[in-house]
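These notes concern the structure reproduced below.
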Amino acid sequence: MTEIHSDDLSEPFITLGTINGVYGVKGWVKVYSFTSPIENILKYKTWQLVSSRQNNNQNKTVKLEKGKRHGKGIIAKLEGYDDRDDVATLLKSEIKVARELLPKLPKDEYYWSDLAGLQVTNMENVDFGKVDHLFETGANDVVVVKKAKQGDQEAQERLIPFIQEMYIIDINLTEKTMKVDWPEDFE
């Protein structure tokens with residue numbers, strides 16, 4: 001499965017990572033990539049950066065000049081950004097690319113962003129809430145399902161292994177639903 005974080009299928013752009021630091025003094029940035037493998041983010045030469053700094057959602061299109069794996073992460077040089085102060089303004093920006101540029105996936109494979117927000121029920125049609133996000137554990141991916149507090153009932157969070165046909169029974173992106181084989185009393 002390719003890891004990409006939460007967006008909506010109707011969105012023209014999909015989040016592939018974030019700018020999480022500056023690197024050196026010549027305008028390089030540290031990138032936290034959501035792709036798997038992490039170097040795949042470098043395949044996309046045009047990035048849409050979305051910054052919510054100071055509640056001022058700013059979008060800008062940038063070109064990737066060069067990038068490479070560095071230690072356990074990625075560093076990248078963006079065209080037109082030549083010093084540390086220039087790129088410091090980009091910190092915490094989401095890196096998005098046009099959804100149409102992503103490879104088509106085979107049947108029963110999904111981008112993580114397509115799963116976020118799906119309504120989750122078990123085999124007995126008990127409402128578990130919505131997919132909040134997914135994460136890797138090494139053995140398998142895990143779906144984090146959250147249900148908001150309702151009346152006297154506390155908010156709930158369930159961690160369900162993303163193992164298709166065993167725990168994940170059905171995913172319907174059109175109806176925005178996920179059916180799981182998971183007991184109600186197992187949180």
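The values are calculated or read from the model by the stated rules, or taken from the named source; none is laboratory data. Bear in mind the structure is a predicted one, so any value in this text is a computation, not a measurement. Cβ atoms come from the backbone with ideal geometry, glycine included; neighbour counts cover every protein chain shown.
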Tally of residues being of a type in the set (Phe, Trp, Tyr) and assigned to a loop (DSSP other than H, G, I, E, B) across segment 110-129: 2
Selected residue (criterion: modelled with the highest pLDDT) from residues of segment 1-27 that are buried (at least 16 other Cβ atoms within 10 Å of the Cβ) and of a type in the set (S, T, N, Q): 18
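Per-residue answers, yes or no, for (1) over 27 Å from residue 38 (Cα atoms); (2) out of contact with any helix residue (DSSP H, G or I) (no Cβ under 8 Å at 6 or more places or on another chain):
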| residue | (1), (2) |
| --- | --- |
| 126 | yes, yes |
| 134 | no, no |
| 137 | no, yes |
| 140 | no, yes |
| 147 | yes, yes |
| 151 | yes, yes |
| 154 | yes, yes |
| 157 | yes, yes |
| 162 | no, yes |
Residues of segment 171-183 that turn out to be in a strand (DSSP E or B) and within 20 Å of residue 136 (Cα to Cα), as a count: 3
Condition met for residue 30 (surrounded by 17 or more Cβ atoms within 10 Å (Cβ to Cβ) and either modelled with pLDDT under 90 or of a type in the set (D, E, K, R) (or both)): yes
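For segment 62-70, check the following and say yes or no: at least one residue is small (Gly, Ala, Ser), surrounded by 12 or more Cβ atoms within 10 Å (Cβ to Cβ) and within 30 Å of residue 145 (Cα to Cα).
No - not one qualifying residue is present in segment 62-70.
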Test result for residue 105, hydrophobic (A, V, I, L, M, F, W, C) and outside any strand (DSSP E or B): yes
Any hit, segment 78-90, residues being outside the structural domain of residue 142 (by TED's automatic domain parsing), part of a strand (DSSP E or B) and either at pLDDT below 95 or of a type outside the set (Ser, Thr, Tyr) (or both): yes
All positions within segment 130-161 that are part of a strand (DSSP E or B), exposed (fewer than 10 other Cβ atoms within 10 Å of the Cβ) and within 21 Å of the chain's Cα centre (by Cα): none
Some residue of segment 105-116 being surrounded by 20 or more Cβ atoms within 10 Å (Cβ to Cβ), among the aliphatic types (A, V, I, L, M) and modelled with pLDDT of 95 or more: no
